[in-house]
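Trainee: Got a structure for you, written out below as structure tokens; questions coming shortly.
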Amino acid sequence: MSFVENIGKYVLFLNRVFSKPERGRVFFEQIIKEIYKLGVNSVGIVVIISVFMGAVISLQTAYNLVNPLLPDYLVGYTTRESMILEFSSTIVGLILAGKVGSNIASEIGSMRVTEQIDALEIMGVNSASYLIFPKIIAAVFINPFLYVLSVFVGIAGGLLASYMTGAVSIPDFLYGVQFGLIPYYITYSLIKTLVFAFIITSVPSFYGYYVSGGALEVGRASTKAVVNSSILILLANLILTQILLK
Amino acid sequence: MIELNNINKSFGDLDVLSDISIKFEAGKTNLIIGQSGSGKTVLLKSIIGLHDVDNGHIYYGDRDFTNMSFKERKLIRKEMGMVFQGGALFDSLTVEENVRFPLDMFSDMNEDDRRARVKFCLDRVDIKKAHKLYPAEISGGMQKRVAIARAIVLNPSYLFCDEPNSGLDPVTAIVIDKLIQEITKEYEMTTIINTHDMNSVMEIGEKILFINKGVKAWEGSSDEIFDTENQNLNNFVFASNLFKKIKKEL
Ligand SMILES: Nc1ncnc2c1ncn2[C@@H]1O[C@H](COP(=O)(O)OP(=O)(O)OP(=O)(O)O)[C@@H](O)[C@H]1O
Ligand SMILES: [Mg+2]
């Protein structure tokens, strides 16, 4: 299918997804379930990668600060800026695109090939809205928290690494963390996080929803979903950065 | 009552159904039979609107389903129950939750009534202990029965079953056939069943539509099927040695 056709299909798909839920209570319960599945279950991986990335960023910065004129607190400063600006939004977004994206695409795809989606339709349920709307809401709601968590854990990782290797002293590091903070950068990153959350849920849902065939195609759709949502995240990152930081 | 008027359906260049007309009555088990690939599933899915037909009309009572808007279709779907060829139970929900699902979505019953209704339907299909299990944890025959329970939970006027007893042992197969027939009589439903199982045909074939390569080749009842002159139907019915033998002895 051509690229343009796919875009058109995706827009029509979203139109079906964003229609009024059948039952408010059921919708709400679905959202809670999805928050758990997409959000709480991702805390582990976000914490692990953030700690390590924070640690590596601080050590790299420390070992590159050979010029004695550059102050030590730059290490804390750089770690914080990297986490806030790019790492906790974009890299975490990419990692979640892999984890959450493949999960969603295969879940919805296997519902499609085992006719569970047809079963919903035949009951008179709008399957796209019932299955996918709650996922999008849940991710848009929970991912900003994951972002904040990632920033804090990343900085903590940097602090820990600096302390353990003796690269920088704790007071220097902490001074750097608080140095020259521009709150707008956080807003900028949170906006990115929201957009990424939308991509991570809607694109894999789209690929899963239109699977036809069997288990093999579900696997293929899941791969496509991850690759394409990752590309879209990078593209959105570029565009949003141009718009928001100009 | 469901009536089909000159139904045609093709996928690209492939004509799957040509000019099918028939009337399925309420309170009867209506069977669609035919060889694998003859178009049974496509016909059933066209009747319920999962496929759009190319031309022709489908009437539910006197309502023309083919001309309905999306909204009208949604309404009429609340009167339909469908048992898919593979069961199509929701695998993230337990047996009980599967059967309960249509109630949670569409009924105004209170909690106690819902529970009672779910229990009633599961009892009806003889599922006694598996309420808390997931579809993956029960046998194929049980899945089919749970799917039937889910299909009837909202008291549908129209019940559709795509090969409800394929892959089951002869005893369970007949139990399921009989069950569907009983429910059909009990609630005066219009039931349409796809099958290529001659046992089902003999047990519950009150009205039978035989399709051959997408064309209606014969219609009648199980009493008439042995005497047919139709060559294609004869080949289908007397494919097995068992039925050849029966024919000789008759
Ligand atoms: N979505 C589709 N797209 C294209 N062709 C299809 C589609 N669905 C079915 N067909 C074709 O229509 C024909 C009839 O298929 P159908 O599934 O109705 O057979 P069936 O009678 O139900 O067979 P079985 O007894 O094996 O279930 C087949 O040739 C099949 O390849
Ligand atoms: Mg079939």
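Trainee: If you roll a 1.4 Å probe over the heavy atoms of the protein chains, what accessible area per residue do you get for chain B, in Å²? Walk me through the numbers before you get to the answer.
Mentor: Details: 11340 Å² over 250 residues.
Normalised by residue count, the accessible surface of chain B is 45 Å².
Trainee: Taking every residue in B:43-53, how many Cβ atoms of other protein chains lie within 10 Å of its Cβ, on average?
Mentor: Mean inter-chain Cβ contacts per residue within 10 Å come to 1.
Trainee: I would also like to ask the following. Could you give the Stokes-Einstein D for region B:89-155 in µm² per second, using the C-alpha Kirkwood radius, 4 °C, 1.567 mPa s? Show your work: numbers first, answer last.
Mentor: Numbers: Rh = 11.6 Å.
Using the Kirkwood radius from Cα pairs, D works out to 112 µm²/s.
Trainee: Further question on the same structure: Over what distance in Å are the Cα centres of region B:109-164 and region B:76-95 separated?
Mentor: Result: 9 Å between the Cα centres.
Trainee: Would you tell me the mean number of C-beta atoms belonging to other protein chains that fall within 10 Å of each C-beta in A:108-119, as a whole number? Walk me through the numbers on the way to the answer.
Mentor: On the way: counts 0, 0, 1, 4, 0, 1, 8, 10, 10, 2, 6, 14.
For peptide A:108-119, the averaged partner shielding equals 5.
Trainee: Counting other C-beta atoms within 10 Å, and keeping those with at most 13, which DSSP coil chymotrypsin sites (Phe, Trp or Tyr not before Pro) do you find in region A:96-165?
Mentor: Hits after loop and neighbour filter: nothing returned.
Trainee: In Å, what is the Rg of the alpha-carbon atoms in region A:140-190, and how long is Dmax?
Mentor: Rg, Dmax (Cα atoms, Å): 13.1, 39.
Trainee: Given a cut-off of 23 Å, name the pairs among B:LYS23/B:LYS144; B:LYS40/B:LYS129; B:LYS23/B:LYS45; A:LYS37/A:LYS224 whose C-alpha atoms lie farther apart than that in the structure shown.
Mentor: On the way: B:LYS23/B:LYS144 27 Å; B:LYS40/B:LYS129 34 Å; B:LYS23/B:LYS45 16 Å; A:LYS37/A:LYS224 21 Å.
Listed pairs above 23 Å: B:LYS23/B:LYS144; B:LYS40/B:LYS129.
Trainee: Among B:MET189, B:MET202, B:MET80, which one shows the biggest mean-square fluctuation in a GNM of chain B, springs joining Cα atoms closer than 10 Å?
Mentor: In the Gaussian network model the winner is B:MET202.
Trainee: D for region A:97-141, whole µm²/s, Stokes-Einstein with Kirkwood Rh over alpha-carbon pairs at 20 °C and 1.002 mPa s: what number? Don't skip to the answer; put the middle values down first.
Mentor: Working: Rh = 11.2 Å.
Roughly 192 µm²/s, to the nearest whole number.
Trainee: Return the calculated 222 nm mean residue ellipticity for the protein assembly as shown, to the nearest 500 deg cm²/dmol, obtained by summing -39500 (n - 2.57) across DSSP H runs with n ≥ 4 and dividing by the residue count. If you can, show how the numbers build up before the last one.
Mentor: Values: 20 runs with 292 residues, N = 496.
Computed ellipticity for the protein assembly as shown at 222 nm equals -19000 deg cm²/dmol.
Trainee: Going by Cα centres, region B:194-240 and region A:81-122 are how many Å apart?
Mentor: 48 Å
Trainee: Then there's this: For region A:151-195 and region B:47-65, write down the distance between their C-alpha centroids in whole Å.
Mentor: Centre-to-centre distance over Cα atoms comes out at 63 Å.
Trainee: Which order do the peptides A:165-175, A:104-114 come out in when sorted by mean C-beta neighbours inside 10 angstrom, highest first?
Mentor: Descending packing order for the listed peptides: A:104-114, A:165-175.
Trainee: Taking all pairs of distinct Cα atoms, average 1/r, flip it, and tell me the Kirkwood hydrodynamic radius of region A:50-109 in Å to one decimal place.
Mentor: It is 13.3 Å.
Trainee: Continuing with this model, one more query. Based on the Kirkwood radius over alpha-carbon pairs, what is the Stokes-Einstein translational diffusion coefficient of the protein assembly as shown at 10 °C with 1.306 mPa s viscosity, in µm²/s?
Mentor: Using the Kirkwood radius from Cα pairs, D works out to 61 µm²/s.
Trainee: Report, to two decimal places, the Cα Rg of chain B normalised by 2.2 N^0.38 Å (N = number of residues).
Mentor: 1.03
Trainee: Hey, another quick one. With a 1.4 Å probe, what is the total accessible area buried between chains A and B, in Å² rounded to the nearest 100?
Mentor: Adding both sides of the contact gives about 2000 Å².
Trainee: When you look at the Cβ of every residue in A:121-129, what mean number of other chain Cβ atoms sits within 10 Å?
Mentor: Per-residue shielding by partner chains comes out at 6.
Trainee: I've got another one for you. Which chymotrypsin sites (Phe, Trp or Tyr not before Pro) in region B:147-234 pass both tests, a DSSP loop state and at most 16 other beta-carbon atoms within 10 Å?
Mentor: Within region B:147-234, the qualifying chymotrypsin sites (Phe, Trp or Tyr not before Pro) (loop, at most 16 other Cβ atoms within 10 Å) are B:PHE226.
Trainee: Here's something else I'd like to know. For a quick check of your reading of the filter: which trypsin sites (Lys or Arg not before Pro) in region A:1-39 sit in a DSSP loop and have no more than 12 other Cβ atoms within 10 Å?
Mentor: Here no loop site has a sparse enough neighbourhood.
Trainee: Continuing with the same structure: Going by amide H atoms built from the backbone, whose H comes under 5 Å of the H on A:VAL125, apart from near neighbours?
Mentor: For A:VAL125, no residues qualify.
Trainee: So, with a 1.4 angstrom probe, what is the percent of accessible area on chain B that is carbon and sulfur? Walk me through the numbers on the way to the answer.
Mentor: Numbers: 5540 of 11340 Å².
Looking at chain B in its full context, I get 49 percent from C and S.
Trainee: Ratio of alpha-carbon Rg to the 2.2 N^0.38 Å globular estimate for region B:1-147, to two decimals, please.
Mentor: Details: Rg = 17.7 Å, N = 147, 2.2 N^0.38 = 14.7 Å.
Expressed relative to 2.2 N^0.38 Å, the Cα Rg reads 1.21.
Trainee: Normalised by the empirical 2.2 N^0.38 Å for globular proteins, what value does the Cα Rg of chain A take?
Mentor: The value comes to 1.17.
Trainee: What ³J(HN,Hα) values, in whole Hz, does the Karplus curve 6.51 cos²θ - 1.76 cosθ + 1.60 give for region A:199-206 when θ = phi - 60°, with x put for Gly and Pro?
Mentor: 5, 4, 8, 6, 5, x, 4, 4
Trainee: Kindly state, to the nearest 0.05, the FRET efficiency for B:ARG63 paired with A:LEU244, given R0 = 35 Å and r defined as their beta-carbon distance. If you can, show how the numbers build up before the last one.
Mentor: Values: r = 54 Å, r/R0 = 1.54.
E(calc), rounded to 0.05, equals 0.05.
Trainee: Another question about this same structure. Considering the Cα trace of region B:110-205, what is its radius of gyration and what is Dmax, both in angstroms?
Mentor: Cα radius of gyration and Dmax of region B:110-205 are 13.4, 43 Å respectively.
The values are calculated or read from the model by the stated rules, or taken from the named source; none is laboratory data. On a predicted model such as this, the values are computed, not experimentally measured, just so you know. All Cβ positions, even for glycine, are placed from backbone atoms using ideal geometry, and neighbour counts span all protein chains on display. Side chains are part of the model used for accessible areas, which takes the heavy atoms of the whole protein and leaves out ligands, DNA and RNA. Shrake-Rupley method; radii C 1.70, N 1.55, O 1.52, S 1.80 Å.
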